[in-house]
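Let me begin by presenting the structure, written as structure tokens, before commenting on it.
The values are calculated or read from the model by the stated rules, or taken from the named source; none is laboratory data. These figures come from a predicted structure and were not determined experimentally. Cβ placement follows ideal geometry from the backbone for every residue including glycine, while neighbour counts extend to all protein chains displayed.
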Amino acid sequence: MPSYQSFPVLNQQFIVDKKYQFIREMGQGAYGVVCAAKDTEKDEQVAIKKVCRIFEKNILAKRALREVKLLKHFNGHENITSIIDMDIVNFQDFNELSGQPLTDAHFQYFVYQICRGLKYIHSANVLHRDLKPGNLLVNADCELKICDFGLARGYSENPESNAGFMTEYVATRWYRAPEIMLSFQNYTKAIDMWSVGCIFAEMLGGKPLFKGRDYVDQLNQILGILGTPDEETLRRVGSDRAQVYIRSLPRMPRIPFQNLYPRANPLAIDLLNKLLEFDPSRRITVEEALAHPYLSAYHDEDDEPSHTQTFDFSFEVVDSIEMMREMIAQEVRSFKNGKQASLQPPANPGANLRRKESLSAQDRETLERTTAQARATVNESSHMRTDSSVAAAAVANRAIHHMEVDELEKELSGRA
């Protein structure tokens, strides 16, 4: 039996195995607090996540149950957060994402690892739906993992099965695909690829590309850079109010990404264009992204595994907090009893990333040096708004002065 210790983290009391030595506070989310710690037995650094007050509300219990099940389903893939232990708190093994100056070699390696992990997720018919810098954990060796599956949902080829995606959808709007805000007739895995594009742009520019103050401003900023969508795309916008709003704006040209990021690798710009395609049906898939020339230094189809099982979301129909409490307890018990071995492990060694000269010695030294200087998340970067998006917003306000902008804001934010 392990012995336990207690220490405070961001006004929460952590009770953990004594082998974990507290290092520092890492952050606080909607229903969880995270700290960095050291496993003194293995001499490894981990992250400890305490999920708080989850049984006060149905939505919180459901998110916790969903995340535990998904983490167990994806356990073992090197680009997805792995559970080391569970004891009503989750343990993760990575540091916070560092927002320090990086080179093109870092961008390639990070984007590759994001896509490699996302391929595994999508192959299980799971949409992450909350990809953002804060949910990508990176250590000084440039090893990256995707975390936080609390907003994940199942994907079906049947559009009717993907209805209701706005329910619980409270992720940061800066990384949200336009089809989610505009109620497109169908949602696909492309919503995650948009988020990858936003993250990639943030790497290239050092700050968020679309940092809207609200949902209408978010839409204005997207249109101000990507330009006015064509009529075919507009017809697939499910929100009539949003269609009227977009058509009321002056026609806007697309701003080339090479103008925004003049020092970027041309292949990076090409990939970014394909990721940030307004029309989801034209957006690049994760498999296509992995095969893009920009990632050719790392791409190896035999080293990019797919999951052999789709994830079972049948538990989503459970609404009783007491029943979810028991289901979470059962997940913890099964893990503690070693039943994790009976779940799907990586189908082959491809789940463990081959290093393949991942970074040059110079690039690795640069990252280690800048990481040591400061630790800051990329999404704490300074505010950016382009002149074109500001102008578009001003024109829009004049063009639709009879329109209920507040109602549009409610609809885009899912509160209508």
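Yes or no, residue by residue, for (1) surrounded by 23 or more Cβ atoms within 10 Å (Cβ to Cβ); (2) at pLDDT below 95:
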site: VAL111; (1), (2): yes, no
site: ARG116; (1), (2): yes, no
site: CYS142; (1), (2): no, yes
site: SER156; (1), (2): no, yes
site: VAL170; (1), (2): no, yes
site: ARG173; (1), (2): no, yes
site: ARG176; (1), (2): yes, yes
site: GLU179; (1), (2): yes, yes
site: PHE184; (1), (2): yes, yes
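Criterion first (modelled with pLDDT of 95 or more and either crowded, with 21+ Cβ neighbours inside 10 Å or small (Gly, Ala, Ser) (or both)) does ILE284 satisfy it? In short, yes.
On the stretch given as the range 104-118, residues that are β-branched (Val, Ile, Thr) and more than 15 Å from HIS77 (Cα to Cα) total 1.
Search the range 82-109 for residues being closer than 24 Å to ALA297 by Cα and in a loop (DSSP other than H, G, I, E, B), and hand back the single one that is modelled with the highest pLDDT. Ranking the qualifying residues of the range 82-109, first place goes to THR103. Inspection of the range 256-273 finds no residue satisfying the criterion of being in contact (Cβ under 8 Å) with a residue 24 or more places away in the chain, farther than 17 Å from CYS198 by Cα, in a helix (DSSP H, G or I) and touching a helix residue (DSSP H, G or I) at 6+ places or on another chain (Cβ under 7 Å). Among the residues of the range 282-332, those identified as aromatic (Phe, Trp, Tyr) and in contact with a strand residue (DSSP E or B) (Cβ under 7 Å, 6 or more places away or on another chain) are PHE311, PHE313. Counting just the residues of the range 131-142 that are touching a residue at least 60 places away in the same chain (Cβ under 8 Å) and touching a Leu at 6+ places or on another chain (Cβ under 8 Å), which one comes out nearest to ASP303 (Cα to Cα)? Residue satisfying both the conditions and the ranking: CYS142. Evaluating PHE315 against the criteria (1) buried (at least 16 other Cβ atoms within 10 Å of the Cβ); (2) touching a Leu at 6+ places or on another chain (Cβ under 8 Å) leaves one unmet condition, (1). Among the residues making up the range 202-215, those that are out of contact with any Ser or Thr (no Cβ under 8 Å at 6 or more places or on another chain) and buried (at least 23 other Cβ atoms within 10 Å of the Cβ) are LEU209, PHE210. Scanning the range 216-245 for residues that are among the hydrophobic types (A, V, I, L, M, F, W, C) and surrounded by 18 or more Cβ atoms within 10 Å (Cβ to Cβ) turns up VAL216, LEU219, ILE222, LEU223, ILE225, LEU226, VAL237, ALA242.
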